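Q: Structure below; questions to follow.
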Ligand SMILES: [Zn+2]
Ligand SMILES: [Zn+2]
Ligand SMILES: [Zn+2]
């Protein structure tokens, strides 16, 4: 697969009839560079230091999300996280303690969606899904274990 350059990001915007601005290209570049979804505060900070104001950034995020260029992920980080939509169908493992994110591509959802749809009385189609898993990363699990005193069951 060819690496996406700024030109193809611009093409992406044009294809969805969105205005190509330096701000939008910069925002897409941030998401493209990041391995994990990027938090809204981080996007705002980067955009602000590039001279954009809050409303412009907010509108850009909304427009790009609506047109399907970027995708909002709910990592329960107390803010929205975003990633490029053009990635493969994948899902996230999130550490509830430190917020670490890991992606995985195994997805049983196609089969699952068929079953859900077959049981649904009011839905005609399912065309998207969100599936995130929450737990403890190995580092945090170790810390928690070493911090907690030895607990004996009998008192
Ligand atoms: Zn992701
Ligand atoms: Zn952790
Ligand atoms: Zn999936």
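Q: Find the centroid of the Cα atoms in the stretch 68-100 and in the stretch 117-139, then give the distance between the two in whole Å.
A: 14
Q: In which sequence would 137, 107 go, from the one with the fewest C-beta neighbours within 10 Å to the one with the most?
A: Ordered by Cβ neighbours within 10 Å, fewest first: 107, 137.
Q: Which three extents, in angstrom, do the Cα atoms of the stretch 1-87 have along their principal axes, listed largest first?
A: Extents along the principal axes, in whole Å: 33, 28, 21.
Q: Here's a follow-up. Just to compare against my own numbers: the Cα pair-distance distribution for the stretch 13-64, 10 Å bins, whole % per bin, please.
A: P(r) over the stretch 13-64, rounded to whole percents: 24, 59, 17.
Q: By count of other Cβ within 10 Å, fewest leading, how are 11, 128, 81 ordered?
A: Going from sparsest to densest Cβ surroundings: 128, 11, 81.
Q: Taking Cα atoms, how many degrees apart are the long axis of helix 138-147 and the longest axis of the chain, rounded to 10 and kept between 0 and 90?
A: 40
Q: While we're here: Using the C-alpha gyration tensor of the stretch 88-139, what are the square roots of 5 times its eigenvalues, in whole angstrom, with the largest one first?
A: 29, 11, 8
Q: Take 75, 28, 117 and order them by how many other Cβ atoms sit within 10 Å, fewest up front.
A: Lowest count first: 117, 75, 28.
Q: A further question follows. To the nearest 10 degrees, how steeply does helix 54-66 sit against the main Cα axis of the chain, on a 0 to 90 scale?
A: Orientation of helix 54-66: about 80 degrees from the principal axis.
Q: Hey, what angle do you get for helix 109-119 against the long axis of the chain, alpha-carbon based, 0 to 90 degrees rounded to 10?
A: 90
Q: Now for a different question. When the distances between all Cα atoms of the chain are binned every 10 Å from zero, what whole-number percent does each bin get?
A: That works out to 9, 30, 29, 20, 9, 3, 1, in percent per bin.
Q: For the chain, what does -39500 (n - 2.57) per DSSP helix run (n ≥ 4), summed and divided by total residues, give at 222 nm, in deg cm²/dmol to the nearest 500?
A: -13000 deg cm²/dmol
Coordinate-derived values only; no laboratory data. Fair warning: this is a prediction, and the values are worked out from it, not measured in the lab. Note that each Cβ is placed from the backbone with ideal geometry, even for glycine, and that neighbours are counted across all protein chains shown.
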